[in-house]
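One structure is given here, and the rest of the page talks about it.
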Amino acid sequence: MRATIYHNPRCSKSRDALKFMNDAGIDPEIILYLDAGWSEETLIALKTDSGLSWSDMLRADAAKELKAPLDSDDEQTIIEYIMANPVALERPFVTTSKGTRLCRPITQLLEIVDRQPESPWFTEKGEQIV
């Protein structure tokens with residue numbers, strides 16, 4: 001299965017999603033978005049493919065800091081803000097041939113992967129997922 005994870009190694013949810021996929025035998029392409037940054041095309045694709053609103057995609061603290069209202073038509077301002085502040089986007093986003101999900105909670109990952117790790121499988125904080 002082809003998969004891409006937009007990964008922040010300092011985020012436990014992102015580490016859990018990557019470990020889940022690796023333990024399931026899925027070797028995703030890893031995009032370290034804090035280093036690589038975001039492109040306008042990628043942000044629009046993540047929004048479109050996930051079906052989420054900008055307010056669902058942004059971290060709460062970033063949404064408060066953003067000057068434009070998240071329900072406004074000024075999508076360009078929101079995109080430029082995220083590009084200038086890559087950490088503003090929630091994480092992790094995972095894309096597979098089955099779709100794109102913000103894997104928060106990690107159970108969202110189950111909707112877009114075709115394999116799971118052996119049960120029982122736990123997050124690093126001890127939550128059983130499968």
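Considering only the range 108-120, state which residues are outside any helix (DSSP H, G or I) and surrounded by fewer than 17 Cβ atoms within 10 Å (Cβ to Cβ). Passing the criteria: D114, R115, E118, S119, P120. If you filter the range 1-18 down to residues that are out of contact with any helix residue (DSSP H, G or I) (no Cβ under 6 Å at 6 or more places or on another chain) and assigned to a loop (DSSP other than H, G, I, E, B), you find that the one that is modelled with the lowest pLDDT is M1.
Quick grid of which residues meet (1) touching a residue at least 24 places away in the same chain (Cβ under 8 Å); (2) closer than 27 Å to R115 by Cβ:
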residue	(1), (2)
I26	yes, yes
Y33	yes, yes
E41	no, no
T48	no, yes
G51	no, yes
Q76	no, no
M83	yes, no
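Taken together, the residues in the range 25-67 that are under 18 Å from R104 (Cβ atoms), modelled with pLDDT under 95, surrounded by 13 or more Cβ atoms within 10 Å (Cβ to Cβ) and over 12 Å from the mean Cα position of the chain (by Cα) amount to 4.
Within the range 19-45, the set of residues being in contact with a helix residue (DSSP H, G or I) (Cβ under 7 Å, 6 or more places away or on another chain) and assigned to a helix (DSSP H, G or I) comprises F20, Y33, L34, E40, L43.
Taking the numbered list (1) buried (at least 18 other Cβ atoms within 10 Å of the Cβ); (2) under 12 Å from the mean Cα position of the chain (by Cα) in turn, Y81 passes all entries but (2).
If I ask for residues that are crowded, with 19+ Cβ neighbours inside 10 Å and either on the phi > 0 side of the Ramachandran plot or in contact with a Phe, Trp or Tyr (Cβ under 9 Å, 6 or more places away or on another chain) (or both), which ones from the range 1-15 would you list? Across the range 1-15, the qualifying residues are I5, Y6, H7, N8, S14.
The values are calculated or read from the model by the stated rules, or taken from the named source; none is laboratory data. Predicted model only: the values in this text are computed from it and were never measured. For neighbour counting, all protein chains shown are included, and Cβ atoms are generated from backbone atoms with ideal geometry for every residue, glycine included.
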